[in-house]
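The values are calculated or read from the model by the stated rules, or taken from the named source; none is laboratory data. All values derive from a computational prediction rather than experimental measurement. Ideal geometry is used to build each Cβ from the backbone, glycine not excepted, and the neighbour counts take in all protein chains shown.
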Amino acid sequence: MSYTGKVTVGGTPDVHELADLIITKVAVGPMSNNAYVLRCRHTDEQVLVDAANDAETLIEVIGDAGLAAVVTTHGHGDHWQALAAVVEATGARTLAGADDAEAIGAPVDTALVGGDEVAVGRSRLEVIHLVGHTPGSIALLYDDPEGMPHLFTGDSLFPGGVGKTWSHDDFASLIDDVESKIFDRLPDETWFYPGHGDDSTLGAERPHLAEWRARGW
């Protein structure tokens with residue numbers, strides 16, 4: 001597999017080609033956020049996960065195929081700074097977790113809850129609600145019928161730990177949700193794509209769950 005998931009701000013996007021879906025990962029500044037353009041091979045419909053910043057770069061990656069929707073993984077400003085400009089340029093619909101919708105700096109057309117589905121042409125992404133980093137954080141699961149599951153985790157799960165929390169209760173909620181809704185459910189080969197930095201697999205991170213819980217972050 002030539003895809004590595006290692007991207008830098010101002011660098012070349014990385015492309016993960018699956019049987020039915022093409023995933024293009026790009027990093028945008030100034031906080032080195034990841035954004036992901038998902039494209040259905042059958043219909044060419046595209047969905048963007050997190051219009052984080054640098055609308056010009058995102059629109060270039062989107063290209064001539066247009067954009068059906070933008071899904072915002074959570075309400076923190078570094079994940080939606082380019083949302084209004086991308087929507088204005090493409091006419092895309094906006095989707096976000098219901099409990100974060102009011103925190104996002106553009107109107108949200110569809111408020112998502114756990115178990116909802118987001119269409120990318122013929123492919124479907126399942127919404128997983130993860131409470132702790134923010135009240136309405138979501139992850140998006142693409143269970144590839146031809147291969148391993150793929151999971152877009154926003155800032156709820158990274159290589160090396162769960163996302164930042166601001167209280168013991170928030171951490172307990174997030175680690176519980178990540179363990180029960182992700183690690184207890186999905187196999188080790190699940191590839192996940194976080195909101196910042198490199199990708200990883202659940203198998204690489206699973207041995208450290210008890211360590212994360214014990215350290216409290």
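Here THR57 does not qualify as assigned to a loop (DSSP other than H, G, I, E, B), of a type in the set (S, T, N, Q) and surrounded by fewer than 24 Cβ atoms within 10 Å (Cβ to Cβ). ASN33 satisfies every condition listed in (1) crowded, with 23+ Cβ neighbours inside 10 Å; (2) more than 23 Å from SER2 (Cβ to Cβ); (3) in contact with a Lys or Arg (Cβ under 7 Å, 6 or more places away or on another chain) except (3).
Taken as a whole, the condition of being surrounded by 18 or more Cβ atoms within 10 Å (Cβ to Cβ) and under 18 Å from ALA85 (Cβ atoms) applies to VAL70. Taken as a whole, the structure places ALA106 among residues that are in contact with a helix residue (DSSP H, G or I) (Cβ under 8 Å, 6 or more places away or on another chain), farther than 25 Å from PHE158 by Cβ and touching a residue at least 24 places away in the same chain (Cβ under 8 Å). Per this entry, ALA85 is not counted among residues that are more than 21 Å from ASP199 (Cα to Cα) and within 18 Å of the chain's Cα centre (by Cα).
Scanning the range 121-150 for residues that are small (Gly, Ala, Ser) and part of a strand (DSSP E or B), we see that the one that is farthest from VAL49 (Cα to Cα) is SER123.
Scanning the range 68-126 for residues that are farther than 17 Å from ALA35 by Cα and of a type in the set (Val, Ile, Thr) returns VAL108, THR110, VAL113. Within 24 Å of GLY163 (Cβ to Cβ) and β-branched (Val, Ile, Thr) - does that describe any residue in the range 58-69? No, every residue in the range 58-69 fails to be within 24 Å of GLY163 (Cβ to Cβ) and β-branched (Val, Ile, Thr). Would you call VAL9 over 17 Å from the mean Cα position of the chain (by Cα) and either of a type in the set (Val, Ile, Thr) or buried (at least 23 other Cβ atoms within 10 Å of the Cβ) (or both)? The answer is yes for VAL9. Out of the residues in the range 112-158 that are over 18 Å from ALA98 (Cβ atoms) and of a type in the set (Asp, Glu), which is surrounded by the fewest Cβ atoms within 10 Å (Cβ to Cβ)? Ranking the candidates gives GLU146 first. Out of the range 80-111, which residues are surrounded by 24 or more Cβ atoms within 10 Å (Cβ to Cβ), in contact with an Asp or Glu (Cβ under 8 Å, 6 or more places away or on another chain) and more than 22 Å from LEU174 (Cα to Cα)? Within the range 80-111, ALA82 is the sole residue that qualifies. Test GLY105 against the stated conditions and say whether it is at pLDDT 95 or above and part of a loop (DSSP other than H, G, I, E, B). The answer is no for GLY105.
Residues are listed down the side, and each one gets a yes or a no for (1) among the basic types (Lys, Arg); (2) farther than 17 Å from ASP155 by Cβ; (3) at pLDDT below 95:
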residue	(1), (2), (3)
LEU58	no, yes, no
LEU67	no, yes, no
VAL71	no, no, no
GLY75	no, no, no
ARG93	yes, yes, no
ALA98	no, yes, no
THR110	no, yes, no
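Scanning the range 152-197 for residues that are in a strand (DSSP E or B) and either without any contact (Cβ under 8 Å) to a residue 24 or more places away in the chain or over 15 Å from HIS74 (Cβ atoms) (or both) returns GLY161, TRP191, PHE192. Checked against (1) in contact with an Asp or Glu (Cβ under 9 Å, 6 or more places away or on another chain); (2) in contact (Cβ under 8 Å) with a residue 12 or more places away in the chain, GLY77 passes all but condition (1).
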